[in-house]
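J.: First the structure, then my questions, so here it is.
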Amino acid sequence: MPPTITTIITAMTITHTTMLNGLDSLLPLPFLRLLAWLSPAFPTGSYSYSHGVEWAVEAGSVHDRASLVDWLAADLRYGSGRNEAIFFREAWSAAMRGDRIMLLHIAELAAAFRGTSEFALESAQQAAACRSTLSQVWRDPFLDEIAETLENRRVPLSLGVVLGIRCAKQDIPMVLALPSFLQSYITNLVTAGVRLIPLGQTAGQAAIAALEDTVLATSTDVATATIQDLGSAAFMVDLSSMAHETQYTRLFRS
């Protein structure tokens, strides 16, 4: 067998084994809570945000299932979706270490790292709603402490940071938490696309299925990323959000 092929197979085997080892310690209760926190039934108000997809549909950039998949894949691989994944990963890692100073730094950076005012609103309001529900139903003193410190500093929460902290304190392994978070992120935007283009429900599910590899690839890339790797090359996503602010007829808040 050629050396290159052997190396690829070995790397895939190591990655697969590492993922399995990360899931060995996962108990049913944390898994159920993860499903609850990322469920459409969890009251974050995510259904009212399209992340600029509404303007993209209006402009004709997104007009069918294929163009919706391309648009969301670009955002997840190269845009704000990737950045949100990095904030989630960094918050999870800092929370696992109990590093409060680093968490506050990450949270402040996440709050500032928004390309448009609508993206800032989308992140902050979903994060505030998420934290409010968590504090009433699945309260965690560590998350409350970080949130109260940020509130005193007048720094808004970010959804990836809130869920990253909470997943860490629930001992949900990164190999499950991060792709699940990204799947929830993408699913919400596909649902917006289904309503706006419009698409049938089956076509919407097909779009979600088509984005599975993108979710997994982004999760793998971000698994070793740090805040030094933040950045965006999905400029059209930011432009769509800016244009959406003055869009005449709107169903969504972003």
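The values are calculated or read from the model by the stated rules, or taken from the named source; none is laboratory data. Just so you know, these numbers come straight off a predicted model, no measurement behind them. Glycine also receives a Cβ, built like all others from the backbone with ideal geometry; neighbour counts cover every protein chain displayed.
J.: Please go through (1) within 20 Å of the chain's Cα centre (by Cα); (2) exposed (fewer than 15 other Cβ atoms within 10 Å of the Cβ) for S135 and return the number of the only condition it doesn't satisfy.
T.: (1)
J.: A follow-up question, please. Could you identify the single residue in T202, T224 that is outside any helix (DSSP H, G or I), out of contact with any helix residue (DSSP H, G or I) (no Cβ under 7 Å at 6 or more places or on another chain) and free of Cβ contacts under 8 Å to residues at least 40 places away in the same chain?
T.: Selected residue: T224, the only one of T202, T224 that is outside any helix (DSSP H, G or I), out of contact with any helix residue (DSSP H, G or I) (no Cβ under 7 Å at 6 or more places or on another chain) and free of Cβ contacts under 8 Å to residues at least 40 places away in the same chain.
J.: Restricting to the range 147-162, name every residue that is surrounded by 24 or more Cβ atoms within 10 Å (Cβ to Cβ) and either in contact with a Leu (Cβ under 8 Å, 6 or more places away or on another chain) or free of Cβ contacts under 8 Å to residues at least 24 places away in the same chain (or both).
T.: L157, V161, V162
Rundown of residues vs (1) aromatic (F, W, Y); (2) under 25 Å from Q228 (Cα atoms), yes/no style:
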position	(1), (2)
D99	no, yes
I106	no, yes
F119	yes, yes
E122	no, yes
R131	no, no
S135	no, no
D140	no, no
E145	no, no
T149	no, yes
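J.: Now for a separate question. Given the criteria more than 26 Å from V57 (Cα to Cα), buried (at least 19 other Cβ atoms within 10 Å of the Cβ) and of a type outside the set (S, T, Y), does V190 qualify?
T.: It is false that V190 is more than 26 Å from V57 (Cα to Cα), buried (at least 19 other Cβ atoms within 10 Å of the Cβ) and of a type outside the set (S, T, Y).
J.: Let me ask something else. Please specify each residue of the range 47-68 satisfying the condition of being buried (at least 24 other Cβ atoms within 10 Å of the Cβ) and either assigned to a loop (DSSP other than H, G, I, E, B) or of a type outside the set (A, V, I, L, M, F, W, C) (or both).
T.: The answer is S50, H51, G52, E54, V62.
J.: Then there's this: Looking only at residues in the range 142-194 that are outside any helix (DSSP H, G or I) and in contact with a Phe, Trp or Tyr (Cβ under 9 Å, 6 or more places away or on another chain), which one is nearest to A74 (Cα to Cα)?
T.: Applying the filter and picking the extreme gives S158.
J.: A further question follows. Go through (1) farther than 14 Å from G81 by Cα; (2) polar (S, T, N, Q); (3) surrounded by 15 or more Cβ atoms within 10 Å (Cβ to Cβ) one by one and return the number of the condition T246 breaks.
T.: (3)
J.: Is one or more of the residues making up the range 129-152 more than 25 Å from V222 (Cβ to Cβ), out of contact with any helix residue (DSSP H, G or I) (no Cβ under 8 Å at 6 or more places or on another chain) and at pLDDT below 95?
T.: Checking the range 129-152: not a single residue is more than 25 Å from V222 (Cβ to Cβ), out of contact with any helix residue (DSSP H, G or I) (no Cβ under 8 Å at 6 or more places or on another chain) and at pLDDT below 95.
J.: A follow-up question, please. Do we find that D171 is touching a residue at least 12 places away in the same chain (Cβ under 8 Å) and either acidic (D, E) or farther than 30 Å from H63 by Cα (or both) in this structure? Show your work before the answer.
T.: Working: touching a residue at least 12 places away in the same chain (Cβ under 8 Å): yes; either acidic (D, E) or farther than 30 Å from H63 by Cα (or both): yes.
Yes: the conditions hold for D171.
J.: I would also like to ask the following. Quick one: in the range 49-77, of everything that is hydroxyl-bearing (S, T, Y) and at pLDDT 95 or above, which residue is nearest to the chain's Cα centre (by Cα)?
T.: S50
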